[in-house]
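Data first, discussion second: the structure below is written as structure tokens.
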Amino acid sequence: MNRQTIPVKSVIIPERMRKDYGDLSSLKQSIKTFGLLQPITINQKNELISGHRRLCAHIELNLEHIDFCLYETLSEGQRLELEALENIIRKSFSWQEECLAILKIHRQRIRESALDKDKEWNTRLAAELFGQSKGALNYTLIIGKKLEEQSRMTPEDLKKQKVIYADFKSVAEAHRVGYLGEQESIALAVLAKKTASVPQAVVDVMDQMVVETKQISASPDLLEEKRRQYESNPMNKGSFEDYWKSRQQLLQQHEQTIYLSNRLFHVSCIDYMLDPASAGLFDHIITDIPYGINMDMLNQNNEHGGLSDLDRVKEEHDVEENMHLMEQFFPAAYKCTKEKSFLITYCDIMQWQFMYDLATKSGWQVQRWPFIWHKTTAMNQCAAYNSTKNYEILMLCRKPGTTLVTGLPSSIIQSSAESAKNETGHPFSKPYAITQQLADAVSIKGQLFLEPFAGRGSIALELMRQERNVICCEKQEDHYNALLENFKKYYLGLNPNSIFK
């Protein structure tokens, strides 16, 4: 068998076993850059034996010739066998090997571009080369660095790690479960310092015990070693079986414990956002800021409106106080969010320009038109004078350079808030459908949101259902107490044995 060159049009393609040849973009880029690294193989009749993807890539690139190796004497049965064996026996990179390879190539290309300005290199070109989206490439590079770091650790140090990245089934799982889980732990560790109800040292010790117990339970050798350690200590009383059973029970209890005190805060959100520990902490904010509106015409004290305490609502929507709150809110929100972040808040039409000017002055870029919630149900106490107001608006702000994860095809969404009202017990609850659509548009699963005016939790609860992490602030005591109960109901729905601290 020797390597030669043949016109692409001369290669005969018999019936093939493989039907799906996948995306050829990265293969074509490799051929354009380096040429064909591995030739196709053909028989004495110019019939293709192996390398159909390589041949297809040459055809799409309009290349006239292709390198080949010739099997001079080959029966039809042998040809079919070789085609099958090439795809069955061939061992592809593991996802970990592929991750590390992409990281190494990316680093080398960065070095080369730094030394030679003609060798342009950036994440867009890297994504094209490796056949990934820019988002997927970023995840791959992040996990590649984690794999690299852990590959250099001693076995003893590796056992101390809460997350072993090589143990996941895919790079996506390693990023979603491992990396984002670590980021949440870091964020919650910072936030936990603001409350004395659950000392973070206790959480850290318990987390370490969970990791160690799981590792030991999964390995008969480690379990036997633990038994020897236990029985060799004269201070230990009772059997190892009883000790290990109690430890397993403690682990189960810890895994069922929800630390609401590290997630829900009964504080002024302005003080919270301006705390140095919150600086640059949050990925995004979605909220319903109390806005200054004239409540004199909002007389909905009837069986349909569900608003039984109009004086209380007027107090919460004091015009002068809330306008001062807005002046503090936008710069505080800018300070506590990351470099690439969105801030989305409901807004009254009468306050649009005021809030727009405050946001831009604080550094936010504001979508010049509102996002509109078209209500499916609405009421009109003054139908003789006014049309029915069956919409509310939202203001979409972003930091410079921040782009949507998925597009928003329309600025209008029609939805009802009835399910949110019924679940949270608040007449001004916001519809779950809007929170879901906005969360999908601006974020990925696992990112950390701040809900600074959480109320009774209609926005925060839907963020949780969409697998986003969320921290809540609520100043009003009765709303905060209801928020606690609503979060408990949510977690108890997931696990009836949940324990709250």
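As a proxy for reagent exposure, MET235, MET395, MET323 were ordered by neighbouring Cβ count within 10 angstrom, fewest first; the result is MET235, MET323, MET395. Scalar couplings 3J(HN,Hα) for region 369-374, obtained by applying the Karplus form with A = 6.51, B = -1.76, C = 1.60 to θ = phi - 60°, are 10, x, 8, 10, 8, 8 Hz; x denotes Gly and Pro. Report the calculated FRET efficiency for GLN108 and SER498 (r = Cβ-Cβ distance, R0 = 35 Å), to the nearest 0.05. Efficiency for this residue pair is about 0.10.
Amide hydrogen proximity for ILE258: with H placed 1.01 Å from N in the peptide plane, the residues at 5 or more positions away or on another chain lying under 5 Å are ILE499, PHE500, LYS501. Rounded to the nearest Hz, the phi-derived 3J(HN,Hα) couplings of region 450-462 under the Karplus curve 6.51 cos²θ - 1.76 cosθ + 1.60 (θ = phi - 60°) are 10, 10, x, 10, 5, x, 9, x, 5, 6, 4, 5, 6, where x marks glycine and proline.
For the residue pairs LYS421/LYS488; LYS226/LYS501; LYS340/LYS488; LYS214/LYS335; LYS146/LYS338, alpha carbon separations beyond 28 Å are given by LYS226/LYS501; LYS340/LYS488; LYS214/LYS335. Using the Cα gyration tensor of region 386-474, with a ≥ b ≥ c the square roots of its eigenvalues, what is the shape: rounded (a/c below 1.5), prolate (a/b larger than b/c) or oblate (neither)? Oblate, because a/c is 1.5 or more while a/b does not exceed b/c. Here r is the Cβ-Cβ distance between ALA279 and ASN62 and R0 is 60 Å; the resulting FRET efficiency, rounded to 0.05, is 0.65.
In loop segments of region 356-416 as defined by DSSP, the trypsin sites (Lys or Arg not before Pro) with at most 14 further C-beta atoms inside 10 Å of their C-beta are ARG368, LYS389. Taking each residue as 0.36 nm, the span from GLU98 to LYS169 lengthens on full extension beyond its C-alpha to C-alpha distance by 24.3 nm. Once backbone amide H atoms are built at 1.01 Å from N, GLN414 has HIS374 as its partners under 5 Å, excluding neighbours fewer than 5 places away on the same chain.
As a proxy for reagent exposure, ranking GLU15, GLU327, GLU241 by other Cβ atoms within 10 Å from fewest up yields GLU15, GLU241, GLU327. On the basis of the beta-carbon distance and an R0 of 51 Å, LEU223 and HIS324 show a calculated FRET efficiency of 0.25.
Going from the residue with the fewest nearby Cβ atoms within 10 Å to the one with the most, ILE349, ILE471 rank ILE349, ILE471. For region 95-184, the square roots a ≥ b ≥ c of the C-alpha gyration tensor eigenvalues yield an a/c of 1.5 or more together with a/b exceeding b/c, which makes the shape prolate.
Every number here is computed from the coordinates shown, using simple stated rules; none is lab data. Remember, it's a predicted structure, so these values are computed and weren't measured experimentally. Counting neighbours? That spans all protein chains shown, and the Cβs are built from the backbone with ideal geometry, glycine included.
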